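See structure below.
The values are calculated or read from the model by the stated rules, or taken from the named source; none is laboratory data. What you see is a predicted model; the values in this text were computed from it and never measured. No Cβ is skipped: glycine too gets one built from the backbone with ideal geometry, and neighbour counts run over all protein chains shown. The accessibility values were calculated without ligands, DNA or RNA, using every heavy atom of the protein model including side chains. Shrake-Rupley method; radii C 1.70, N 1.55, O 1.52, S 1.80 Å.
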Amino acid sequence: MVTTEKTLRRTTAPGSDPVAVADVKEKLRIAAAVTTHDDVLERHIKTAVELFEQDTDRAIITQDFAQYRDDWPEDNVIRL
């Protein structure tokens with residue numbers, strides 16, 4: 001059996017986050033007018049989404065990927 005090296009790359013990132021900073025601030029009881037920590041909250045949201053997607057092999061928001069292969073599979077089936 002020949003093993004084929006493959007690489008999966010994201011070609012189009014999600015257009016938005018699944019959770020808005022405003023929603024997180026509301027849940028944490030941070031006033032909407034206080035914007036001091038918005039950048040940090042945004043980074044935490046992005047990191048949480050990336051970790052979830054890596055751990056579950058699932059994308060939360062629609063995005064596009066391209067798969068690059070060294071060789072065509074012998075059984076003519078591409079498994080994603």
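For the reader, a short list of remarks on this structure follows.
- Pairing residues of the stretch 35-47 that are among the charged types (D, E, K, R) with residues that are at pLDDT below 95 and not in a helix (DSSP H, G or I), at Cβ distances under 9 Å and at least 6 apart in sequence or on separate chains, gives GLU42/ASP17; LYS46/ASP17.
- On the stretch given as the stretch 38-58, residues that are at negative phi and either acidic (Asp, Glu) or in contact with a helix residue (DSSP H, G or I) (Cβ under 6 Å, 6 or more places away or on another chain) (or both) total 7.
- Matching entry among THR56, THR47, THR35 (being open to solvent by less than 80 Å² (accessible area, probe 1.4 Å), polar (S, T, N, Q) and over 27 Å from ARG79 (Cα atoms)): THR47
- Among the residues of the stretch 21-50, the ones that are over 19 Å from ARG9 (Cβ atoms) and under 24 Å from the mean Cα position of the chain (by Cα) come to 19 in all.
- The stretch 65-80: number of residues that are closer than 16 Å to LEU8 by Cα and either under 9 Å from the mean Cα position of the chain (by Cα) or open to solvent by 80 Å² or more (accessible area, probe 1.4 Å) (or both): 7
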